[in-house]
Amino acid sequence: MLTHFSAFSNDLEFSGYARVIGGYLDEKNVEFKGYEDSIKFSPSSLIGLQGEYQFDDKWSATAQVLLRSNNTTASDNSGLEWLYLTYTPTDNIQIKLGKLRTPFFTMSDFSDVGFAYPWINPPQQVYDTYLFKTFNGIDAVYKFGAENFDVSFEGYYGEESGDIGIGALRTGFEVDNLLGFIGKINIENLEFRVSRYNGNIKLDIDEIRQLENVLNSLNFTKSASSVKTKGRAHADQFGVIYDNLDYFFRGEWIRIKTDLGIVPIIQSYYLTAGVNYAPFTYHLTFADSDVETRSAENEIPLGINSDLDQLAYGYNRIFDESTPDSIKSWTVGVRWDVLPNLALKAEFSTLEGDNVKDSFFVIPDDSDFDKKTNLYLIGLDWVF
Amino acid sequence: MIFFKFINNIKKTALLFAVACSLLGFSLSVHAENTNPSNVIIVVNTTDKNLSFSKQQIRHIYMGGAMSRQFKAVNLFVGNPLRINFNTRMVGLTESRIQAYWAQMRFTGRSKPPIEFETTEEVIEYLLTVEDSVAYLPTGITIPKELTIIALN
């Protein structure tokens, strides 16, 4: 038995999380997030390992690596999700410095830790947008508590570069002056979270930049401006969570806007209601997204010569390709907390893709798929 | 064709729920056995004999809120009837939700769960050693005079 205690221990601590997720899509010849009409375990299964060293009661260092079968969520594909120093100068302030996960929305910085939420995958309308998952910089949290509430203000600043996908378009990107604020208040069993972030983005697509130059040289300035690859971006979020012993409710709304004509405005939300029959949790979720594509300019005259026709074709194709995925879904699921650190989950989703775009589906050209189908998922989430 | 697919979906969903519901029946009986009707008291190692907490403050101390760095919460192991009683009366969350919350906090580097012990004797020993440590204990237990039983306001 321990005979001496201290408030902190000066040592190295290891922990981790793992998930095995199997999925089946009820549709032939179509793929959705890596799932097909045969059971697949690779798309979401992963293991995360974290090491933390506590220097004293104010300083610590943490590293977290994520291994998954297909790819990593870190923008540089290194698998290193977190690598940071934590400084806690007072009881109310915590500062993290280094490589961090982006805390854009309620579950963004722990979206791979399946044990931390009731679903198998957090609603993809909000969590699978074209936003990047990690950044290099600083994050500071100030918390204070009163008799009836607990409040936290968080700010972060940094930069990031890597690869992202906007619809079918994959591109290198750079973001600097990324600046975000999060306000959170807990009153009894209710939590409200409001956040906003801004950043300067630069997409690294030579093809589009060359097109922009050609359009400018031919005086199609509106068209040139509509395919610009540099500009401001911002996102807004509002989330609410209510939990009690018997039931819970979660809702979140987000909007992402940029100055770039080729990156559309996205608004997404989900609403979840659930009941607890310990150790079981049953939940029902509706999620939807609304994508507002900026229309292409009609400056380039058609049918005059083949060069101009080709230019117009290339120009319009960029707008077609960059339309992000938009889908409506109902999900019903159960989580069974078998052990305090192990949960089994099962989920059924009906998916209804927006009829103009691929909507997260990979569809062969000759398919008459109506973008309506069902997804079955089973999973195991473990923390250690 | 569509009709068959529909029937197939219903079959799969029904199977899922049949399995879930049979497991639910099993779990409810386990849950009932663990419920302990006795009250808990909140004990703190503090020099401030007039210290008092609201139920909300206790909850925030145990759930990594703003006061949790000053006041160090102490827990009994998962499954201890007193812990279930405390979660139900003071925290107002299921053990599953609490465990999920700590997974979130740990892997985002925000805070860590309270220290845990198996017995109330070990809890009291820890309380005596660490200033500003907070624990729940059963009513009727003998509390050393160095520790303060907190009034709830």
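Test of understanding: among A:S306, A:S289, which residue is of a type in the set (S, T, N, Q) and in contact with a helix residue (DSSP H, G or I) (Cβ under 6 Å, 6 or more places away or on another chain)?
One residue alone meets the criteria, A:S289.
Would you check which residues across region B:62-82 are under 9 Å from the mean Cα position of the chain (by Cα), crowded, with 19+ Cβ neighbours inside 10 Å and farther than 16 Å from B:L127 by Cβ and list them?
Result: B:M63, single match.
Note down all Cβ pairs under 7 Å where the first residue falls in region A:237-250 and is charged (D, E, K, R), the second is assigned to a loop (DSSP other than H, G, I, E, B), and they're at least six residues apart or on different chains.
Taking only residues 6 or more apart or on different chains, the pairs are A:D243/A:N189; A:D243/B:L93.
At least 2 residues that are open to solvent by less than 20 Å² (accessible area, probe 1.4 Å) and over 30 Å from A:I265 (Cα atoms) in each: list the strands (runs of 3 or more DSSP E) lying fully within region A:34-149 that qualify.
Qualifying strands (runs of 3 or more DSSP E): A:46-54, A:59-68, A:80-90.
Going by what's in this entry, would A:T373 be described as more than 21 Å from the chain's Cα centre (by Cα) and open to solvent by less than 20 Å² (accessible area, probe 1.4 Å)?
Taking the combined requirement at face value, the residue satisfies it.
Quick one: in region A:22-33, which of the residues that are at pLDDT 90 or above and in a strand (DSSP E or B) is nearest to the other protein chains (Cβ to nearest Cβ)?
Within region A:22-33, the match that is nearest to the other protein chains (Cβ to nearest Cβ) is A:Y24.
Taking strands (runs of 3 or more DSSP E) that fall entirely within region B:59-153, which contain at least 1 residues that are within 20 Å of A:D150 (Cβ to Cβ)?
B:72-76, B:133-138
Of the residues A:L308, A:L344, A:L351, A:L260, only one is under 30 Å from A:L380 (Cα atoms) and without any contact (Cβ under 8 Å) to a residue 60 or more places away in the chain; which?
Exactly one of A:L308, A:L344, A:L351, A:L260 is under 30 Å from A:L380 (Cα atoms) and without any contact (Cβ under 8 Å) to a residue 60 or more places away in the chain, namely A:L344.
The values are calculated or read from the model by the stated rules, or taken from the named source; none is laboratory data. Worth saying up front: this structure is predicted, and the values here are computed from it rather than measured. We place every Cβ from the backbone using ideal geometry, glycine too, and count neighbours over all the protein chains shown. All accessible areas refer to the heavy atoms of the entire protein, side chains included, with ligands and DNA or RNA removed. Shrake-Rupley method; radii C 1.70, N 1.55, O 1.52, S 1.80 Å.
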